[in-house]
1. How high is the relative contact order of region 11-124? Use alpha-carbon pairs under 8 Å, at least six apart in sequence, and give a whole percent.
2. Just want the ordering: 33, 74, from fewest to most Cβ atoms lying within 10 Å of their own Cβ.
3. With an 8 Å Cα cut-off and a minimum separation of 6 or more residues, compute the relative contact order for the chain in percent.
4. Can you classify region 184-224 as rounded, prolate or oblate using the Cα gyration tensor, where a ≥ b ≥ c are the square roots of its eigenvalues, rounded means a/c under 1.5, and otherwise it's prolate if a/b beats b/c and oblate if not?
5. Give the Cα extents of region 26-94 along the principal axes, in whole Å, largest first.
6. Taking a ≥ b ≥ c as the square roots of the Cα gyration tensor eigenvalues, with a/c under 1.5 meaning rounded and otherwise prolate when a/b beats b/c, else oblate, which class fits region 1-121?
């Protein structure tokens, strides 16, 4: 319990401080590059506060010269901190609209250029996807959790097709990223935080040029298989 209280206190303090820095920086950083750097510090500081060690494999597959969609499994909240701190390419989050309503955090996400995905209505979902596809075509890499939410038991859940639709629409590669160990640190069902290690395994990107919507399911299955295989080796 003392560890949990300490880490949550650090999360609140770091969020407020970096949120204030984002507020000051925003008029001079309308594209969100510096603010996203603050988010990287946010993730790194929270990992350090909890003593989490992160090991990354497959960095040779990262390419910051072209946009890409990074699809990741979602074991727990510490996935976000780990990806921010250790996925060393410029990217923006594609996140559910509810997160943008959180005080300070939601405002900072919006100013950093993160993309809101509103699934409350079919029309809004379509508009969100079109906006995301346009930003990706313009050169913005994004990270998405195709499971949609954190796993209840750490096991890989069924993927949703939104991220793969985006990849085909934008004509950019899909890069599968497996995350192991974060469920043991903070499962979805509790606010208690434990110490632990996290592994990030980056797989070779899958090209999508020339694919159509008929290829969406095989593309999704290929990405899921690569993540599942990486997780089996990480256990």
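Read-outs: derived from the displayed coordinates by stated rules, not from any lab. A quick note: this is a predicted structure, and the numbers were derived from the prediction, not measured. Cβ atoms come from the backbone with ideal geometry, glycine included; neighbour counts cover every protein chain shown.
1. Numbers: 99 pairs, mean separation 38.3, N = 114.
Once divided by the residue count of region 11-124, the mean separation gives 34 percent.
2. Working: 33 12, 74 21.
The most exposed by this proxy come first: 33, 74.
3. Details: 414 pairs, mean separation 61.5, N = 235.
About 26 percent, as a whole number.
4. Numbers: a/c = 5.56, a/b = 2.54, b/c = 2.19.
Here region 184-224 falls in the prolate category.
5. That gives 34, 28, 19 Å along the principal axes, largest extent first.
6. Numbers: a/c = 1.37, a/b = 1.06, b/c = 1.30.
Here region 1-121 falls in the rounded category.
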